[in-house]
Amino acid sequence: MNLQSGKFTVTRADGTDPLTLVKDGLVIGRLQSCEVTLNHPTVSRIHAGINRVGSQYFLINLSVSNSLTLNGRLLQSEEVDALADGDVIQLGPFAIIITKREDRLDLYITHQFTGDVAH
């Protein structure tokens, strides 16, 4: 595979300043060493990765214990799929909306609050 540096812009719905990264890929998970940190027990320490190969970006599920979906379809552990503009990645209560630009991948992270409402 021909890995090239990708350009990633990570924006969070909570208003945190956007983060721009130029590197071969990024790791998404609960660990502080991940480029995209999502702090929730249903997110694995190292949950997913995104790499650029040629002009395409690919998502890989790196978790064996927690689920990852792409557009509602479950990705098995170590399964890889290409990312396209408008894709939605779901990890625990987080949705990551993908916008693919010419040479850049934008990730917009939202936190979906779920659970029972006390009556």
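The values are calculated or read from the model by the stated rules, or taken from the named source; none is laboratory data. This is a predicted model, so every value here is computed, not measured. FYI the Cβ positions are ideal-geometry reconstructions off the backbone, even for glycines, and counts take in every protein chain you see. For accessibility, only protein heavy atoms count, side chains too; no ligands or nucleic acids. Shrake-Rupley method; radii C 1.70, N 1.55, O 1.52, S 1.80 Å.
Yes/no matrix, rows are residues, columns are (1) assigned to a strand (DSSP E or B); (2) over 11 Å from the mean Cα position of the chain (by Cα); (3) not small (Gly, Ala, Ser):
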site: VAL10; (1), (2), (3): yes, no, yes
site: ILE28; (1), (2), (3): yes, no, yes
site: GLN32; (1), (2), (3): no, yes, yes
site: SER44; (1), (2), (3): no, yes, no
site: ARG52; (1), (2), (3): yes, yes, yes
site: SER67; (1), (2), (3): no, yes, no
Original post:
Of all residues in region 43-56, which are among the hydroxyl-bearing types (Ser, Thr, Tyr) and modelled with pLDDT under 95?
Top reply: SER55
Original post:
If you take the residues of region 27-78 that are small (Gly, Ala, Ser) and surrounded by fewer than 16 Cβ atoms within 10 Å (Cβ to Cβ), which of them is nearest to ARG104 (Cα to Cα)?
Top reply: SER55
Subject >> First in region 13-42 and hydroxyl-bearing (Ser, Thr, Tyr), second anywhere and assigned to a loop (DSSP other than H, G, I, E, B), Cβ under 6 Å, 6 or more apart >> reply: THR42/ASN66; THR42/GLY92
Original post:
Any idea which residue in region 92-104 is most open to solvent (accessible area, probe 1.4 Å), counting only those that are at pLDDT 95 or above and more than 13 Å from ALA13 (Cβ to Cβ)?
Top reply: THR99
**OP:** Go through (1) farther than 16 Å from ARG101 by Cβ; (2) touching a strand residue (DSSP E or B) at 6+ places or on another chain (Cβ under 7 Å); (3) not aromatic (Phe, Trp, Tyr) and name the single condition SER33 misses.
**Re:** (2)
Original post:
Is it fair to say GLY86 is at pLDDT 95 or above, surrounded by fewer than 16 Cβ atoms within 10 Å (Cβ to Cβ) and either under 22 Å from LEU19 (Cα atoms) or charged (D, E, K, R) (or both)?
Top reply: yes
Original post:
In region 12-21, is there at least one residue being outside any loop (DSSP other than H, G, I, E, B) and either within 10 Å of the chain's Cα centre (by Cα) or among the basic types (Lys, Arg) (or both)?
Top reply: yes
Subject >> Filter result for THR42 (β-branched (Val, Ile, Thr), over 21 Å from SER5 (Cβ atoms) and touching a Gly at 6+ places or on another chain (Cβ under 7 Å)) >> reply: yes
**OP:** Answer with yes or no whether LEU19 is open to solvent by 10 Å² or more (accessible area, probe 1.4 Å), modelled with pLDDT under 95 and hydrophobic (A, V, I, L, M, F, W, C).
**Re:** yes
